[in-house]
Amino acid sequence: MHTSTPEFDVIVIGGSYAGLSAATQLARARKRVLVIDAGQRRNRFARHSHGFLSRDGAEAAAIAAAAREQLLQYPSVSWAEGTAAQAQAEGDGFAVTLLEGATYAGRRLVLATGMRDELPAIEGLPERWGRSVFHCPYCHGYELDAGAIGVLAVGPLSMHHALMLPDWGKVTFFLNGAFEPDQDQLAALAARGVTLERTGIARVQGEAEVVLQDGRVLPMAGLFVATRMHVASPIAAQLGCEMEEGPMGAFVRTDAMKASSVPGVFCAGDMARPAGNVAFAVADGAMAGVAAHRSLIPALLA
């Protein structure tokens with residue numbers, strides 16, 4: 001598409017919590033907004049969402065659905081279901097092409113494409129992800145009722161989980177050959193009452209039963225593991241956004257206003273922070289939406 005005046009003021013790529021929040025701020029500023037969404041929320045595997053004011057314990061999908069319904073009440077908002085496959089600077093804005101073929105033009109972009117989680121190669125983890133295998137204690141720890149909690153080591157970062165989670169239950173730290181604590185770390189784990197298990201894991205079965213390679217079965221109320229995270233869309237890389245290496249993967253570097261290194265491109269949610277949850281994503285999205293709007297006002301750019 002080649003037009004001198006882009007049809008949208010802002011295109012938001014990603015219609016989950018951060019994208020919906022950004023689009024809401026822009027809609028309330030009476031901007032022409034297009035939301036492009038492929039329907040792949042990062043937390044789609046979880047039954048419920050916790051820790052978000054007024055919606056604690058609500059179904060994760062219901063929160064997103066209600067936000068979308070409210071957003072679409074604003075007449076300046078359009079919605080395109082599909083996958084953004086390519087984006088590039090064009091004229092005084094950007095052109096975004098969907099995998100399905102359509103192309104749209106906007107003066108600004110807000111990227112809220114989320115992250116993809118890569119689990120360690122342990123049999124039984126993928127089908128339990130978001131149900132009895134988690135990454136965020138604040139999101140899921142309380143519901144385990146102070147029961148037995150397993151932490152699956154993937155490297156030194158897993159110490160963070162192992163030292164935090166005793167506030168939610170009795171912790172067993174499964175080292176699984178991925179990590180060996182030093183003397184100071186051993187002392188810290190002992191002070192927190194963490195049990196170490198060095199025998200390798202054969203698989204996870206049942207609700208959250210850890211089957212060890214020596215045949216023992218250790219039932220857990222839930223398991224926590226740090227995933228390797230990957231930005232879920234190639235769009236930020238295509239546009240040349242600078243990345244920052246986090247403890248479990250690279251994310252897009254932004255300033256305090258959620259502006260990326262590429263003028264006119266703002267990034268929000270999990271793709272633009274080293275860790276996240278629904279509350280963080282909504283806050284990020286609100287900031288990105290406000291910043292994108294402000295960037296459209298010439299007097300504020302002088």
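The values are calculated or read from the model by the stated rules, or taken from the named source; none is laboratory data. What you are looking at is a predicted structure, and each value in this text was computed from that prediction instead of being measured. Cβ sites come from the backbone with ideal geometry, for glycine too, and all protein chains shown count toward neighbours.
For segment 168-191, give me each residue that is surrounded by 15 or more Cβ atoms within 10 Å (Cβ to Cβ) and assigned to a loop (DSSP other than H, G, I, E, B). Selection gives Trp168, Gly169, Leu175, Asn176, Ala178, Phe179, Pro181. Candidates are the residues of segment 46-57 that are touching a helix residue (DSSP H, G or I) at 6+ places or on another chain (Cβ under 9 Å) and surrounded by fewer than 16 Cβ atoms within 10 Å (Cβ to Cβ); the one that is modelled with the lowest pLDDT is Arg47.
Which residues, counting only those in segment 112-156, are crowded, with 16+ Cβ neighbours inside 10 Å and on the phi > 0 side of the Ramachandran plot? Scanning segment 112-156 gives Gly114, Gly124, Gly130. Per the conditions (1) surrounded by 22 or more Cβ atoms within 10 Å (Cβ to Cβ); (2) at pLDDT below 95; (3) among the hydrophobic types (A, V, I, L, M, F, W, C), the sole criterion not satisfied by Ala162 is (2). Determine whether Ser76 is touching a strand residue (DSSP E or B) at 6+ places or on another chain (Cβ under 7 Å) and of a type in the set (Ser, Thr, Tyr). Yes, satisfied. Residues in segment 13-36 that are part of a strand (DSSP E or B) and buried (at least 24 other Cβ atoms within 10 Å of the Cβ): 4 in all. For segment 113-146, a residue qualifies if it is of a type in the set (D, E, K, R) and either assigned to a strand (DSSP E or B) or touching a residue at least 60 places away in the same chain (Cβ under 8 Å) (or both), and the qualifying residues are Arg116, Asp117, Glu118, Glu123, Arg128, Arg131, Glu143, Asp145. Taking segment 77-102 as the range and being exposed (fewer than 15 other Cβ atoms within 10 Å of the Cβ) and touching a helix residue (DSSP H, G or I) at 6+ places or on another chain (Cβ under 9 Å) as the test, the residues that pass are Gln86, Gln88.
So that you can scan it fast, the table gives a plain yes or no per residue for (1) touching a residue at least 60 places away in the same chain (Cβ under 8 Å); (2) among the aliphatic types (A, V, I, L, M):
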| residue | (1), (2) |
| --- | --- |
| Tyr17 | yes, no |
| Gln25 | yes, no |
| Arg32 | no, no |
| Leu71 | no, yes |
| Ala80 | no, yes |
| Gly93 | yes, no |
